[in-house]
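Read through the structure below, which is laid out as structure tokens, and then see the notes.
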Amino acid sequence: MAREIHEEIGCAAAIGRLRFVIENFFELGDLKAHEIGFYFDAELSRPLPFHEREIIHRVRDGNSDLEFRWVLPTRAALDELDLKPRPLRDLIAGNRAGVAHLV
């Protein structure tokens with residue numbers, strides 16, 4: 001995961017504890033999918049610019065254009081995004097102890 005973060009935003013990161021495991025069932029066109037996501041804390045090795053409304057990095061991944069921006073971990077800020085799977089909003093804003101597993 002640290003390698004991916006470095007590759008995507010050019011900054012080293014220390015990967016922390018596992019926070020959430022989310023099993024997500026969805027359809028993408030005619031494809032039925034079952035995704036298992038593992039979500040970890042991560043700490044960047046240096047501060048990056050933090051402007052809530054500004055895209056800080058763009059990259060093309062296959063046929064997808066990805067945009068990165070920082071968002072405060074508040075419910076109001078997360079509700080402004082098309083963040084999927086939807087339970088991530090509550091989990092991030094809640095900042096609870098332990099590992100949450102949702103299906």
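Remark: pairs (first residue in the range 15-35, closer than 21 Å to Ile5 by Cβ; second residue hydroxyl-bearing (Ser, Thr, Tyr) and surrounded by 10 or more Cβ atoms within 10 Å (Cβ to Cβ); Cβ separation under 6 Å; 6+ apart in sequence or on different chains) = Arg19/Tyr39; Phe20/Tyr39. Within the range 55-63, is even one residue surrounded by 10 or more Cβ atoms within 10 Å (Cβ to Cβ) and more than 25 Å from Ala2 (Cβ to Cβ)? No; the residues of the range 55-63 include none that is surrounded by 10 or more Cβ atoms within 10 Å (Cβ to Cβ) and more than 25 Å from Ala2 (Cβ to Cβ). If you take the residues in the range 58-103 that are assigned to a strand (DSSP E or B) and small (Gly, Ala, Ser), which one is modelled with the lowest pLDDT? Across the range 58-103, the extreme among qualifying residues is Ala100. Against the criterion of being among the charged types (D, E, K, R) and outside any loop (DSSP other than H, G, I, E, B), Glu43 qualifies.
Going by the conditions given, is Phe20 modelled with pLDDT under 90, within 19 Å of Lys84 (Cβ to Cβ) and surrounded by 12 or more Cβ atoms within 10 Å (Cβ to Cβ)? Against the criterion (modelled with pLDDT under 90, within 19 Å of Lys84 (Cβ to Cβ) and surrounded by 12 or more Cβ atoms within 10 Å (Cβ to Cβ)), Phe20 qualifies. Here Lys32 fulfils each of the conditions (1) modelled with pLDDT of 85 or more; (2) under 15 Å from the mean Cα position of the chain (by Cα); (3) of a type in the set (Lys, Arg) apart from (2). Of the numbered criteria (1) surrounded by 11 or more Cβ atoms within 10 Å (Cβ to Cβ); (2) free of Cβ contacts under 8 Å to residues at least 24 places away in the same chain; (3) under 14 Å from the mean Cα position of the chain (by Cα), the one Ala42 fails is (2).
Inside the range 16-57, can you point out the residues that are among the hydrophobic types (A, V, I, L, M, F, W, C) and within 19 Å of Val71 (Cα to Cα)? Result: Phe20, Phe40, Ala42, Leu44, Leu48, Phe50, Ile55, Ile56.
The values are calculated or read from the model by the stated rules, or taken from the named source; none is laboratory data. Everything numeric here is computed off the predicted structure, so don't read it as measured data. For neighbour counting, all protein chains shown are included, and Cβ atoms are generated from backbone atoms with ideal geometry for every residue, glycine included.
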